Amino acid sequence: MAVAFVFPGQGSQAVGMGKALADAFPVARAVFEEVDEALGDKLSSIIFEGPAETLMLTENTQPALMAVSLAVLRVLEQEAGLDLSREAAFVAGHSLGEYSALAAAGALTIADTARLVRTRGRAMQKAVPVGVGAMAALLGMEFDEAAAQGVVCQAANDNGGGQVVVSGEKAAVERAVEIAKGRGAKRATLLPVSAPFHCALMQPAADVMAEALRGVTVRRPVVPVVANVLAAPISEPDQIVAALIAQVTGTVRWRESVACMAKAGVATFYEVGAGKVLTGLVKRIADGATGSAIGTPADVAAFVAARAALQQGAA
């Protein structure tokens, strides 16, 4: 049975995430220090101590979540002997998490990734004036139903399990919410976000990222990365750059991405980093798949113990 490692996106953040890991493992602490140095500020203090409103700023949230994911990965490499090149069929990440996946697979350095996602966060925030755009979650509706409202707004996230997020101009998104309610959505509500991510209004941010990505070296990852906008695995550096630029304005095709990995034989998904959002989505998308979230020392210990038991059984 093949295994995939997936990395969470914005919305999974919480003050204090990663702190227990950094306290327990020097290799994790080193990741946070590397990110601090790359950004030229003490982001780790905001991650560990808050305040929450500062962590919630998109320019902080994005590198913070990436730092936690890579800290967890480094601990797994040290404590469990994890080697993605040998053990993973794919890596993937939800929106911002795609950058974490690329760093995990060696396509980007941690320092370059930290700078890129900070630039991405700032560019996405500046692309649309506050109050002009909005996003809404439509629960109990499938992607095709939401996407049919293209004249109203754009489907930003196809999360699977009857969960679709739409994004666009505020009035259009509000209309989409009312239409969804009329069509029997279990819940349709505006999201507390500062900008309409993953829609055409983000084109200025896509332009910024195109320029930023020209300034970094993108290597071939040690394991294929399932790209959000393609819902298919890619490995060539030019493909990766194109997908990251397109991702800013394009739909996060998470349902199809998980289905792609499952069709290729992946039955076990490990969510690396903060929260358990992707673990829940995976179980709703892929029949029979198992998902586990790894983000704390206890999670790491459980992963190590499970691997030891598996290896002992194989022996």
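The values are calculated or read from the model by the stated rules, or taken from the named source; none is laboratory data. Everything numeric here is computed off the predicted structure, so don't read it as measured data. Methodologically, a virtual Cβ is constructed for each residue, glycine included, from the backbone with ideal geometry; neighbour enumeration extends over all protein chains shown. Accessible surface is based on the protein model in full, side chains and every heavy atom, while ligands, DNA and RNA are left aside. Shrake-Rupley method; radii C 1.70, N 1.55, O 1.52, S 1.80 Å.
For segment 55-80, give me the residue count where each residue is assigned to a helix (DSSP H, G or I) and either acidic (Asp, Glu) or within 25 Å of Val248 (Cβ to Cβ) (or both).
Summing the residues that are assigned to a helix (DSSP H, G or I) and either acidic (Asp, Glu) or within 25 Å of Val248 (Cβ to Cβ) (or both) in segment 55-80 gives 17.
Results for (1) in contact with a Leu (Cβ under 8 Å, 6 or more places away or on another chain); (2) of a type in the set (Lys, Arg), shown as yes or no for each residue.
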| position | (1), (2) |
| --- | --- |
| Val241 | yes, no |
| Ile245 | yes, no |
| Phe269 | yes, no |
| Gly275 | no, no |
| Arg284 | no, yes |
| Gly295 | yes, no |
| Ala298 | no, no |
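Scan segment 189-212 and tell me whether some residue there is free of Cβ contacts under 8 Å to residues at least 40 places away in the same chain, open to solvent by less than 60 Å² (accessible area, probe 1.4 Å) and farther than 22 Å from Gly280 by Cα.
yes
Quick check on my filter: what residues within segment 111-127 are of a type in the set (A, V, I, L, M), open to solvent by 10 Å² or more (accessible area, probe 1.4 Å) and farther than 12 Å from Met209 by Cβ?
Passing the criteria: only Ala111.
Which of the helices (runs of 4 or more DSSP H) found entirely inside segment 1-54 contain at least 3 residues meeting this: open to solvent by 30 Å² or more (accessible area, probe 1.4 Å) and closer than 19 Å to Val272 by Cβ?
Once the helices (runs of 4 or more DSSP H) in segment 1-54 are filtered for at least 3 residues that are open to solvent by 30 Å² or more (accessible area, probe 1.4 Å) and closer than 19 Å to Val272 by Cβ, what remains is 19-24, 26-39.
Pairs only if they're at least six apart or on different chains, beta carbon under 7 angstrom, first in segment 259-273 and within 18 Å of Ser69 (Cα to Cα), second of a type in the set (Ser, Thr, Tyr) and assigned to a helix (DSSP H, G or I); list them, first residue then second.
Glu271/Thr279; Val272/Ser69; Gly273/Ser69; Gly273/Ser100
Show the residue pairs meeting these rules: Cβ distance below 9 Å; 6+ apart or different chains; first residue within segment 4-22 and at positive phi; second residue outside any loop (DSSP other than H, G, I, E, B) and open to solvent by 20 Å² or more (accessible area, probe 1.4 Å).
Gly11/Val277; Gly16/Phe48; Gly16/Glu49; Gly18/Phe48
Taking segment 267-282 on its own, how many of its residues are buried (at least 24 other Cβ atoms within 10 Å of the Cβ) and aliphatic (A, V, I, L, M)?
Within segment 267-282, residues that are buried (at least 24 other Cβ atoms within 10 Å of the Cβ) and aliphatic (A, V, I, L, M) number 4.
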